[in-house]
Amino acid sequence: MLRALAISVHGAQMDAVKEPTGGSRRNRAYSVTHQELIEGAVRLISEKGVEALSVSGLARALKINRTTVYYHFASREALLEAVRLWSSEQLASAFSTDESQSERIAFIARFVIENPDLIKLWIEEFVSPGDIRDRYPRWDELVAGIAESLGERVDAEIYCTFLLTGAIIGPRVFRQSVRPDLDEAVIVERFRIEQQRMLARDSLRHD
């Protein structure tokens, strides 16, 4: 699942990568390796936690030379930043219109539950000082959509803050502290139903 999700945002991440010159074949090879390193970092964090991520650790996990990793990422922080971007794109994709509303809500809840260390990393960044657009690339799009749909009935920025925090933090809190005894699929379905009920209340539900 992680590989499929990572590939789905390959284009967005490559926009942020400055590739070396030297021909399209070389650039493609660089991009493929870069993406494989990000996917490897995501897997390492998912399996062993954020503390396990390092340039050396990633090189060992992928059975490659550390020099290769350093060629793409100058430090552990650079790797973490790439993983944060990956997580942001996954969460942002769930607010696109490519899938039904119920599918998008379920996707977020499932992603949050299945990737606790990634979400913890993302939340730490999310609540730190800085521009929300760096943590959630579709913020302006989300706010504009709510403002257009609900007009002056709501404060669109506050409303979107509620939407994001509830959708992204809520499932994890519920799984860890409220009903740790429940199966993941049950939690995902309960969140889907309740979030769609709340959206319907504000005339935002559409299947």
With a 1.4 Å probe and every protein chain left in place, work out the accessible area per residue of the stretch 84-151 in Å², rounded to a whole number. 44 Å²
Rounded to the nearest 0.05, what FRET efficiency is calculated for T161 and E114 with R0 set to 25 Å and r the Cβ-Cβ distance? 0.55
Calculated FRET efficiency, T68 and D181, Cβ-Cβ r, R0 45 Å, to nearest 0.05? 0.50
Hey, any idea what Rg/Rh is for the stretch 143-198, computing Rh the Kirkwood way over Cα pairs? 1.10
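The values are calculated or read from the model by the stated rules, or taken from the named source; none is laboratory data. Just so it is clear, the structure is predicted and the values come from calculations on it, not from any experiment. When we count neighbours, we look across all protein chains shown, and the Cβ atoms used for this are built from the backbone with ideal geometry, even at glycine. Only protein heavy atoms, including side chains, enter the accessible area calculation; ligands, DNA and RNA are left aside. Shrake-Rupley method; radii C 1.70, N 1.55, O 1.52, S 1.80 Å.
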